[in-house]
Structures are given as C-alpha cells and as structure tokens.
Amino acid sequence: MEPHKVPSTLSNLKQLTMLDLSDNNFQGTIPVLAELTNLEVLSLDANNFTGGFPLWVANLKLLISLEISHNQLAGPIPFNLSGLQNLQYFYLWSNSLSGVIPPSLFSLPSLMYLDLSFNKLTSQIPEFQHHLPFYSIELSDNKLHGPIPHSISTLVNLDTLYLASNDLSGVVDLQVLNNLEDLSVSNTNISVVVGSNVNNTLPNLRYFYMSSCNIEVFPYFLRALENLEELDLSQNKIHGQIPNWVGFVGKASLGNLNLSHNFLTCIKQLPWEKLDTLDLRSNLLQGPLPIPPPLVRYFFISNNSLSGEIPSLIAMRVPLRFLICLTTN
C-alpha cells in the first residue's frame, strides 16, 4: 500500500493560519511548508513522520503553537529558533531527537509550555533568561546530564516541572515557585530545598514525585503541603518509623501514596481520608498488619516482616473496596 504522505500542494494555501494534521497515519518526511508564513498553529502530533526536525519552521515568525509530538523524528533540534518571538507552545515529546537543547529556546520571550520529554537529548540544560513566562517545562526521560541551572528557580509562573530520569544533579530551590502544582525529579541526583518559612511554601503543590533520589529522611517541607494528591518517595533509603507529622501531609486530599522499597520499620497511623492507593512493599515493617483507611482500593504491603492474623475488618472489605497483596517475609 502506498504510504500516506502530506500533499505538497498544502504550501499553496498561503493565507492559512491553522493547520492540524494530528492523529493520522501520515508517513515520510514532513513536507516543506515554509511559504505558509501566516501560520499561527501547526499541529502534526501522533503520526509516523520520520527524518529530522523541519528547519523551515524557523521562518514562521507568527507561529504561536508548534506540536510534532509522538512521531519518529531524529537528529538535533536546530539552533536558529530565536526568530519565533510569538511561540507559546512547543511540543516535541516522544520522538528520537538527540544532541543539544538549543539555548535559544530558553530566551524566547513568549514561550510558556515546553515539552521535550521522551527523546534522546544529551546536553546540559541551558540557563534560562530571567522573568520568562514559563508555566510548564517537561524534560523527563532523556539523557540530559550535569547540574540544573540555578535560573530554573526564578520562573515564578511555573506550575509543572518534570526532570525525571536524567543524569542531572544540583538543587531546585522552591522558595519562590509558589505556583508549582506538579514536580517530578525521580531517578535523578537532584535535591529539593525550600526557604526558611516552610508554612508559606508551595501552597498549590498537588503532585510530588521523588523516587530513586537517594534521600534518607522524609523531606520536612512536606508537612506544609495540605493539598497534596500524589506522593511518591519509593526506591529511596528512608529508615525507621514514619514520623507522625507525615499523617498531616494532604490529610484531606492525598489519593496515592508510594513509600515502597525503603527501610521503614513502623507506621503507627494511616489517617488520610481520601486515600485510594497505598504502596508499602519491600520495607522492614514488623508487627500486625496495619489497617488502611476505609476508601483504599489498592493496598500493597508484600515483602515485609509482618506477623499475626489478617484483621477481620480487612477481610470484610476485600471484595468491596480494594485489592490487597500480603506476601511477606
């Protein structure tokens, strides 16, 4: 069957301001559409485009949104993107792009949403120009390395920051990132710090992922996170008893808690009112089986050192609310 290709005659539509070809089965290289200089929105997501990043995009000076995610693009992202002064959305996630993140991306005055995750980028993260309007930066699952830039902590509008699964190090200072809602630094060597006034820190944070970061204690700033919905501290080196103050983290909002693969020995209370999923697998928990909150549906506590009988209250709930995994040492 003849592969589906974008017709080159599209380049004749010179007054076109929006072109959306997403979620199709177009193949081959992206045709040259450099003459569509009035384009403000170009979406080519979820196709089977191959080849390199289309260099002619740099000529689309009016472009506001560029989306070429979930394709098979390879090679570098070009450096000559500084002319895209109106660009607000730049999505290239889930390709095979490699090489350096162009520093020009982090100086575009209008850019608010950047997603380069799930590629093969190998550079350091460039410094950001101060006071850029970024709301979302997603760079997870690349091969980025080196220290994260200090300027990332100056992006006061930021609500989403994904840096997970890279060879990154350094510190993210959350002191001024009061709009942050979603933070993932899992599987990195990144540390997270806050200012001295913990109670005024991160009032909007709802999702926090810090798995596989070699931390040994519960980050103390968590105690101020009253609106947290998901917390993942799995695959770390946290020892001993879970502190009592952890029970106040998202007490009325936490739905997913993952503390698996640590060295926890005791948990005295499980007070979360809306908890749906609780993962305590592969710790050193001893004594009787803790009884989860009543709304829990998924409760994982295998590979611990529990003893005694399964409480009748849990046995009554199993068919109704949750799946429980009880394999223990």
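The values are calculated or read from the model by the stated rules, or taken from the named source; none is laboratory data. These numbers come from a predicted model, not from an experiment. Virtual Cβ from ideal backbone geometry, glycine too; neighbours counted across all protein chains shown. Quick note on the areas: whole protein, heavy atoms, side chains included, nothing else; ligands and nucleic acids left out. Shrake-Rupley method; radii C 1.70, N 1.55, O 1.52, S 1.80 Å.
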Rounded to the nearest Å, what's the spacing between the alpha carbon centres of region 206-283 and region 27-85? Just the number, please. 42
Long-range amide H partners of residue 287, meaning residues 5 or more apart or on another chain whose placed amide H is closer than 5 Å, are 307
I need to check one value: relative contact order of the chain, counting alpha carbon pairs closer than 8 Å and at least 6 residues apart, in percent. 7
Ranked highest first by the average count of other Cβ atoms within 10 Å around their residues, in what order do 111-123, 242-254 fall? 111-123, 242-254
accessible surface per residue for region 21-121, probe 1.4 Å, DNA/RNA/ligands not counted, whole Å² -> 37
Once Lys and Arg are counted +1 and Asp and Glu -1 for all other residues with Cβ under 14 Å from that of residue 149, the total becomes -2
Could the peptides 126-135, 162-171, 17-26 be put in order, highest first, of the mean number of other beta-carbon atoms found within 10 Å of their residues? 162-171, 126-135, 17-26
Just from its helices, what would the mean residue ellipticity at 222 nm be for the chain, if runs of 4 or more DSSP H residues each count -39500 (n - 2.57) and the sum is divided by every residue, rounded to the nearest 500 deg cm²/dmol? -500 deg cm²/dmol
Protection proxy ranking, peptides 275-285, 172-182, average beta carbon neighbours within 10 Å, highest first: 275-285, 172-182
With the dipole of the chain defined by +1 on each Lys or Arg Cβ and -1 on each Asp or Glu Cβ, the option from 234, 86, 189 whose Cα lies farthest towards the positive pole is 234
Determine which lysines satisfy two conditions relative to residue 120: a Cα distance under 18 Å, and not lying fewer than 8 residues away in the same chain. 143
Across the Cα atoms of region 1-151, what radius of gyration and what greatest pairwise Cα-Cα distance (Dmax) are found, in Å? 15.2, 52
Which residues qualify? For residue 225, with a placed amide H closer than 5 Å and at least 5 residues away or on another chain, they are 250
Using Rg and Dmax of the Cα atoms in Å as the read-out, say which of [x] 23.0, 95; [y] 23.8, 81; [z] 23.6, 76 was calculated from these coordinates. [z]
